[in-house]
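The values are calculated or read from the model by the stated rules, or taken from the named source; none is laboratory data. Since we're looking at a predicted model, the values are computed, not measured. Cβ coordinates were reconstructed from backbone atoms using ideal geometry, including for glycine residues, and neighbour counts include every protein chain displayed. To get the accessible areas, we keep the full protein, side chains included, count just its heavy atoms, and leave off ligands, DNA and RNA. Shrake-Rupley method; radii C 1.70, N 1.55, O 1.52, S 1.80 Å.
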Amino acid sequence: MKEVIMFMKKLSDIIKEKIQQEIISGRYPFKYSYEQFQMDANNYKELTDSVKLLNTELRTDLDFEVEYFDFIINKNTQLILSLREYFQISEKAEKDYSTSEYSYNVINHFWMIFTVISNNYISLKDLFLNGKDYQGKVLFRNTIELTELCISILGDEEFYNFFKKENNINHPSKNYQTIKFDSIKKKSNKIIQEIKKLPNNNIDKELWDEYLKMRDEYYDDASKHIHSNFFNLMLNSHIPLKNFGELDLSESLVHNLTGIISSKTEKNIEQVILYDSISYMILMILLVDNHKLHFSKLDYKTNYLTILSANNWELLKFRKKH
């Protein structure tokens with residue numbers, strides 16, 4: 001480890017010396033030292049300090065969004081820690097399931113994938129609340145893909161086995177094999193159709209359809225931020241400021257270097273909240289109904305009860321009305 005650090009320092013010294021030598025040798029038609037370059041970096045610090053102050057002011061109108069992001073992160077964390085305790089620490093899962101059966105293995109893999117999803121939400125909070133909506137949209141698409149993957153593997157044993165086979169660590173060519181989202185979505189759509197048929201399902205058919213419509217709408221929008229869409233790139237380099245309704249568009253547009261909360265940030269966060277609310281409930285339905293995972297079995301935070309209330313659907317109804 002020590003040798004690696006020394007090598008890294010030496011490499012940085014080599015780069016620094018090379019830049020200095022090229023400047024001294026007159027390669028560039030100006031006189032500019034490496035030290036001057038570092039001093040000029042203060043311009044960036046001054047910019048970020050002023051933007052932080054602006055975002056702090058603009059963030060005051062996003063109290064609900066901040067609180068809900070914390071709710072998402074906390075419920076995810078409790079579920080992950082509960083399942084980690086159940087499978088790895090207490091190993092009680094081995095008493096409730098056979099280690100060779102589908103339920104044992106898929107839930108064990110689910111909480112590991114869900115750890116990545118939860119970290120995504122932590123990052124999404126940081127990105128959106130610091131005005132980096134474009135970067136947040138890129139990560140939101142990945143979050144949708146991973147969540148729909150979890151729905152697919154929890155809801156279909158054949159798909160789960162296919163997923164494992166396509167990522168076979170004993171096969172070099174398949175170590176990092178990926179599955180296209182169209183295949184994942186096709187499977188998750190079928191699983192949701194099956195959930196609608198469950199005897200205890202009291203959710204209106206229209207709301208299920210609205211969820212699928214919402215998911216596709218959000219995914220398509222997020223995809224535009226990945227595939228180098230010209231207008232998205234231009235529109236995210238300059239953004240309309242929030243709370244400046246008395247100004248016309250040209251006056252309210254500001255250069256979005258370092259990230260500024262915009263008039264669209266609240267709506268972008270709302271999409272994340274809506275998607276999480278319903279998709280999380282689908283995951284819980286699959287864990288409880290398909291795999292008989294009763295939360296009374298989980299020791300970690302014994303008072304923890306996953307929130308599966310009608311409030312999630314009320315959010316979806318609100319979206320439909322507006």
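Let's see how each residue does on (1) under 23 Å from residue 274 (Cα atoms); (2) among the basic types (Lys, Arg); (3) in contact with a strand residue (DSSP E or B) (Cβ under 8 Å, 6 or more places away or on another chain):
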{"site": "92", "(1), (2), (3)": "no, yes, no"}
{"site": "95", "(1), (2), (3)": "no, yes, no"}
{"site": "98", "(1), (2), (3)": "no, no, no"}
{"site": "106", "(1), (2), (3)": "no, no, no"}
{"site": "113", "(1), (2), (3)": "yes, no, no"}
{"site": "118", "(1), (2), (3)": "yes, no, no"}
{"site": "141", "(1), (2), (3)": "yes, yes, no"}
Open item on the list: Yes or no: the range 44-66 includes at least one residue that is in contact with a Ser or Thr (Cβ under 7 Å, 6 or more places away or on another chain), open to solvent by 30 Å² or more (accessible area, probe 1.4 Å) and within 18 Å of residue 132 (Cα to Cα).
Closed with: yes
Open item on the list: Any residue that is assigned to a loop (DSSP other than H, G, I, E, B), modelled with pLDDT under 90 and over 29 Å from residue 285 (Cα atoms) - is there at least one of those in the range 175-189?
Closed with: yes
Task: Condition met for residue 254 (surrounded by fewer than 18 Cβ atoms within 10 Å (Cβ to Cβ), over 26 Å from residue 133 (Cβ atoms) and at pLDDT 80 or above) - done: no
TODO: Report whether or not residue 31 is modelled with pLDDT of 90 or more and open to solvent by 100 Å² or more (accessible area, probe 1.4 Å).
DONE: no
Open item on the list: Just to verify a result, which residue in the range 264-286, among those that are of a type in the set (S, T, N, Q) and at pLDDT 90 or above, is nearest to residue 208 (Cα to Cα)?
Closed with: 279
- [ ] Quick one: in the range 72-97, of everything that is free of Cβ contacts under 8 Å to residues at least 40 places away in the same chain and surrounded by fewer than 16 Cβ atoms within 10 Å (Cβ to Cβ), which residue is farthest from residue 112 (Cα to Cα)?
- [x] 95
- [ ] Could you list all residues from the range 214-239 that are hydrophobic (A, V, I, L, M, F, W, C) and crowded, with 16+ Cβ neighbours inside 10 Å?
- [x] 214, 222, 235, 239
Task: the range 257-270 - residue that is surrounded by fewer than 20 Cβ atoms within 10 Å (Cβ to Cβ) and either of a type in the set (S, T, N, Q) or in contact with an Asp or Glu (Cβ under 7 Å, 6 or more places away or on another chain) (or both) and, of those, nearest to residue 232 (Cα to Cα) - done: 264
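A quick yes/no check of all residues on (1) closer than 27 Å to residue 54 by Cβ; (2) surrounded by 23 or more Cβ atoms within 10 Å (Cβ to Cβ):
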residue	(1), (2)
115	no, no
118	no, no
123	yes, no
126	yes, no
142	no, no
147	no, yes
152	no, yes
TODO: Might you let me know whether the range 198-212 holds any residue that is of a type in the set (Val, Ile, Thr) and either at pLDDT 85 or above or out of contact with any helix residue (DSSP H, G or I) (no Cβ under 7 Å at 6 or more places or on another chain) (or both)?
DONE: no
- [ ] Confirm whether residue 39 is under 30 Å from residue 165 (Cβ atoms), out of contact with any Phe, Trp or Tyr (no Cβ under 6 Å at 6 or more places or on another chain) and open to solvent by 70 Å² or more (accessible area, probe 1.4 Å).
- [x] no
